[in-house]
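Beneath this line is the structure, given in structure tokens, with notes to follow.
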Amino acid sequence: MSGKLRVLLTGFGPFPGAPHNPTQPLVARLSKLRRPAFDGVELETHIFPVTYAAVDRQLPEVLAKVRPDALLMFGLAARTSYLRIETRARNAVTMLWPDAANSRSRKGAIAANADAMMFGPHTARLLRAARLTGIDARASRDAGAYLCNYLSWRAIESVNAGGPKLAAFIHIPLLARSGASRRKGAPRITLEELVDAGEAMLMEMVRSARHERAA
């Protein structure tokens, strides 16, 4: 087994209302970064279809294959204009909206008799790292009740079961078109700004994962 630190970056594929999910180009860009801070680090990627069944099947498979030290996940929050660093996963799943395979949950909770689960104190460091790039980033206690929250819940379960040492979920907004520069006061973040913030958060995840490994 390699002594390299492994970080798994994930995004989601398209779904109704978002035929071009911006998490895909973001994950691709981050995986190609070459920085001294990433020496001895393997960056792996995975894009989940927007279905509950895919998350349940593919998350254990990719974790078993990659065996990451840290899991940094991205999802789209189309109605939010800023970056959201999720601090917890709610024990909630919508019964109203079907997933991309037109499947609906038959119950409103992910697990029976369970409270929300926290990602951990490293989320505050991710928030600070993102803000230092100048992007509008905010902590969030509500990841919704759709696939992003569902993946967050399953990821924290994996951490608690002895999988990755750390996991984090970042909600990104819809991006400015064509990668154009954002005018002052314009609501949408550009891909370049998002990559800068993503790089800063990735560096913080690497630092935190190294600390966890050493401990």
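The values are calculated or read from the model by the stated rules, or taken from the named source; none is laboratory data. If you're wondering where the values come from, they're calculated on a predicted model, not measured in any experiment. Heads up: the accessible areas ignore ligands, DNA and RNA and are worked out on the full protein's heavy atoms, side chains in. Shrake-Rupley method; radii C 1.70, N 1.55, O 1.52, S 1.80 Å.
Summary of values
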{"read-out": "Heavy-atom accessible surface of segment 17-158: percent carbon and sulfur, 1.4 Å", "value": "50"}
{"read-out": "Per residue solvent-accessible surface (Å²) - the chain, probe of 1.4 Å", "value": "51"}
{"read-out": "Label corresponding to semi-axes √(5λ) of the Cα gyration tensor in Å when calculated from the structure given, among (1) 24, 23, 16; (2) 42, 24, 15; (3) 31, 19, 14", "value": "(1)"}
{"read-out": "Gaussian network model of the chain, Cα within-10 Å springs - most flexible of Asn21, Asn91, Asn102", "value": "Asn102"}
